[in-house]
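Shown next, in structure tokens, is the structure this report addresses.
The values are calculated or read from the model by the stated rules, or taken from the named source; none is laboratory data. Quick caveat: nothing in here was measured; it's all calculated off a predicted structure. Heads up, the Cβs are rebuilt from the backbone with ideal geometry, glycines too, and the neighbour counts pull from every protein chain shown. What goes into the accessible areas is simple: the full protein's heavy atoms, side chains included, and nothing from ligands, DNA or RNA. Shrake-Rupley method; radii C 1.70, N 1.55, O 1.52, S 1.80 Å.
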Amino acid sequence: MPTPDPSRKRAGRRRAGSGEFVPASYERAMRPETLNPLFAETSGLKGVGPGLARPLERLGLTRLRDLAYHLPDRFVSRRAVADLDQASVGEQVVIALTPREYRSSPGRGPFRVLAEDAIGNICALTYFGRNGGWGKKQLPLGEKRWIAGRLDQYGQMLQIVHPDHVAEESGAALGQLVEPVYPLSEGLTQGRLAALVAQALAALPVLPEWIEPGLLAKMQWPDWKEAMVLAHRAEHAQARDRLAYDELLANALALMLVRAAGKARRGTPLQGDGQLRAKLQLPFALTGAQRRSIAEIEGDLAQAAPMLRLLQGDVGSGKTVVALSAMLIAVEAGAQAALLAPTEILARQHYDTLSQLLSGTGVSIALLTGRDKGKAREAILMGLLDGSIDMIVGTHAIFQESVTYRNLALAVIDEQHRFGVSQRLLLTQKGRRTPHCLAMTATPIPRTLTLAQYGEMNVSRLDELPPGRQAIDTRVVALERIGDVVGALARHVEGGGQAYWVCPMVRDSEVADIAAAEARFAELQARFGEDVVLVHGQLRPEAKDAAMARFAAGRAKLLVATTVIEVGVDVPNATLMVIEQAERFGLAQLHQLRGRVGRGAEKSVCLLLRGSALSEVGRERLALMRETQDGFLLAEEDLRLRGGGELLGTRQSGDTPFRVATLEQIARLLPIAHDDAHLLIERDGGLTGERGEAARLLLYLFERDYGVQLLRGG
Ligand code: ADP
Ligand code: MG
């Protein structure tokens, strides 16, 4: 008997890593009992107190399933050394050190423990974002400890940042000499996480096989449970492939079930009279590509079958006015339209842009985000219910269960790759009829992936930029020349310009990234004073918005940020961008970032600061960035360059709906999964046969169980 899951009471939540928002309405699923151990909460594990709950949640590791799928980024081999003279910088070592002195930095800087080796060398053990109390307890002065970690250099000093292990004995506590390296968050260590993963692996059930037997044999893939264990133990290509394939198959199956269900639905044919569009006073003429896309959308909207169209257009290609035109058609036809954005910053910006364009048309537009509470929220909900609000812009708050529309006929989803299919499905429940859906993306998708990822949609492409855009002058500069860069920045700001400064995200530790961004911010602030603002992922939304608003209004000249600015910020006066350690970013990501400049008529410059240890591939990447601005080309090249597999798990930073599969695996395995899913549904559309039943488990496992719901006619 299936059981409802008591842990799923929340109103929907975001899973870290996958980027997919899981709407509350799809959490009522009755999950097969076999999977229950996997969905047990991590808070119930041995050794997990309140102190660990938050770091685990931040990584999206709330259930054992999440832990099992939290695969290592790579594996390290460590060397035990007698003293620091035997070790080299960059090496993973195990070494005995005796703490001698504590050093706290002012403000939010790191806490350091200076420790001595057997022959009197000093090494700093450095902790970001941690108060000294913790370090003092782990590393009492004068008592020898065994430390495992990566030896780095900081100025003149040797240091180990966030040691992976600290133990009193040199024995088993230090782990094997080959160890998995997991993505971490503040408050977690590799050792701690490895112990939790081990508990999760011990609880794995045996599951029936959903992969077609012929394929399994041909690929020499292990069964699911074995693949899990192997993937955590060592580099094991078949195990990793199998787990990735599972995810891709689940996704393909869900997409096909959605498409089948969508075909059976009815929407409202929308025919606008053009009146509102005529009142719209655009400060520019539409490009040919914009006009063509609008015509395609208009054609779809006139049909009774709900539109499912993807608008693909590079950053700055002008998707917003296309969306606005579509929304106006809906309003002209007497219905409501909604625009969903992935972040509050972006929702607010869209709202401001659209309100301005709409002034004088009589169209009423409102903004709703998760932050709106009480009376303000009530008023908006009322307006949506009685139809006095024509257009709503917001985050996922606009599709919560408590929000009821009088007549929602069109939903536009911006940066669609940030949302999952489940989001779109939730939309389809919002009107009496299924609303038309326009999804937009600026992520140029390599051709090999388009069909498999968006197979169920029609596509309009904005393949022409608005006129007058100048190419962005992109240069690669060595990090050592940062002084010159700051000088150029000063001249730029003095001349009235604005600029972005992007700090890198390193996967192993978000806190360390933020600490680095804060340090850079402090340095720039010392030089530029009030002109600088800082934005990163751990700021409170109010603080983030306030900083963004200052920058957008031109009161702040310099925006220092981690990659949170990647999506959608539009400040035409910002014509200089500095990207620090650019080699750490993927091409597609660099392209997105660079797209923040070059938005006005002014000439824009993008400076890619590179570190000294640049690989061949890294060099090639940066050269490409300099040479081309074609997002589709960059996406193809990104895939080709990653194909070599520099790293074991080049995890995607939210560019794909996948959490396990890497870009390279997607390109190689998704076409197979796609065909396989097709065959399975052709033979067993209700998923009732033996393999069909197993496939249902798979859908639950990857939380694509809305597919199963649709099968039940939900
Ligand atoms: P994106 O596709 O990245 O969402 P936007 O819709 O934000 O792009 O448009 C980028 C900028 O280009 C905006 O400032 C917008 O006003 C401007 N723009 C859009 N269409 C045109 C056009 N046809 N001619 C000139 N400027 C345009
Ligand atoms: Mg946009």
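Among the residues of the stretch 447-464, just one is modelled with pLDDT of 65 or more, among the aliphatic types (A, V, I, L, M) and open to solvent by 20 Å² or more (accessible area, probe 1.4 Å), namely Val459. Restrict the check to the stretch 265-275 and report whether at least one residue is touching a residue at least 60 places away in the same chain (Cβ under 8 Å), in a loop (DSSP other than H, G, I, E, B) and within 16 Å of ligand 2 (Cβ to nearest atom). Taking every residue of the stretch 265-275 in turn, none turns out to be touching a residue at least 60 places away in the same chain (Cβ under 8 Å), in a loop (DSSP other than H, G, I, E, B) and within 16 Å of ligand 2 (Cβ to nearest atom).
One line per residue, one yes/no per condition, for (1) assigned to a helix (DSSP H, G or I); (2) within 16 Å of ligand 2 (Cβ to nearest atom); (3) not hydrophobic (A, V, I, L, M, F, W, C):
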| site | (1), (2), (3) |
| --- | --- |
| Ala326 | yes, yes, no |
| Leu346 | yes, yes, no |
| Gln356 | yes, yes, yes |
| Gly362 | no, no, yes |
| Ile380 | yes, no, no |
| Ile389 | no, no, no |
| Ile392 | no, no, no |
| Ile398 | yes, no, no |
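What are the residues in the stretch 129-152 that are under 18 Å from Val81 (Cβ atoms) and part of a loop (DSSP other than H, G, I, E, B), if any? Residue satisfying the conditions is Lys144 alone. Identification of strands (runs of 3 or more DSSP E) wholly contained in the stretch 47-128 with 3 or more residues that are open to solvent by 40 Å² or more (accessible area, probe 1.4 Å) yields 92-104.
Residue-by-condition table, conditions (1) crowded, with 17+ Cβ neighbours inside 10 Å; (2) within 16 Å of ligand 1 (Cβ to nearest atom); (3) at pLDDT below 90:
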{"residue": "Asp372", "(1), (2), (3)": "yes, no, yes"}
{"residue": "Arg377", "(1), (2), (3)": "yes, no, no"}
{"residue": "Tyr405", "(1), (2), (3)": "yes, no, no"}
{"residue": "Ala409", "(1), (2), (3)": "yes, no, no"}
{"residue": "Leu438", "(1), (2), (3)": "yes, yes, no"}
{"residue": "Ile445", "(1), (2), (3)": "yes, yes, yes"}
{"residue": "Arg475", "(1), (2), (3)": "no, no, no"}
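Among the criteria (1) assigned by TED's automatic domain parsing to the domain that holds Thr575; (2) at pLDDT 75 or above; (3) open to solvent by 30 Å² or more (accessible area, probe 1.4 Å), the one Pro467 does not fulfil is (1).
Of all the residues in the stretch 588-625, those that are over 24 Å from Gly318 (Cα atoms) and in a helix (DSSP H, G or I) number 9. Restricting to the stretch 256-295, name every residue that is away from ligand 1 (no atom under 16 Å from the Cβ) and within 28 Å of His674 (Cβ to Cβ). Selection gives Met256, Leu257, Val258, Arg259, Ala260, Ala261, Gly262, Lys263, Ala264, Arg265, Arg266, Gly267. Evaluating Glu186 against the criteria (1) under 23 Å from the mean Cα position of the chain (by Cα); (2) at pLDDT 85 or above; (3) of a type in the set (Asp, Glu); (4) surrounded by fewer than 21 Cβ atoms within 10 Å (Cβ to Cβ) leaves one unmet condition, (2). Considering only the stretch 314-339, state which residues are within 14 Å of ligand 1 (Cβ to nearest atom) and open to solvent by less than 10 Å² (accessible area, probe 1.4 Å). Listed by number, the residues that qualify are Ser317, Val322, Ala323, Leu324, Ala326, Met327, Leu339. The set of residues in the stretch 210-234 that are closer than 19 Å to Ile672 by Cβ, assigned to a helix (DSSP H, G or I) and open to solvent by 30 Å² or more (accessible area, probe 1.4 Å) comprises Pro213, Gly214, Leu216, Ala217, Lys218, Met219.
Of the set (1) within 14 Å of ligand 2 (Cβ to nearest atom); (2) closer than 16 Å to Val393 by Cα, all apply to Gln312 but (2). Scanning the stretch 676-698 for residues that are under 27 Å from Val206 (Cβ atoms), in a helix (DSSP H, G or I) and not small (Gly, Ala, Ser) yields Asp676, Leu679, Leu680, Ile681, Arg683, Glu690, Arg691, Glu693, Arg696, Leu697, Leu698.
Restricting the stretch 328-344 to residues that are within 14 Å of ligand 2 (Cβ to nearest atom) and out of contact with any strand residue (DSSP E or B) (no Cβ under 8 Å at 6 or more places or on another chain), the residue that is farthest from Leu410 (Cα to Cα) is Thr343.
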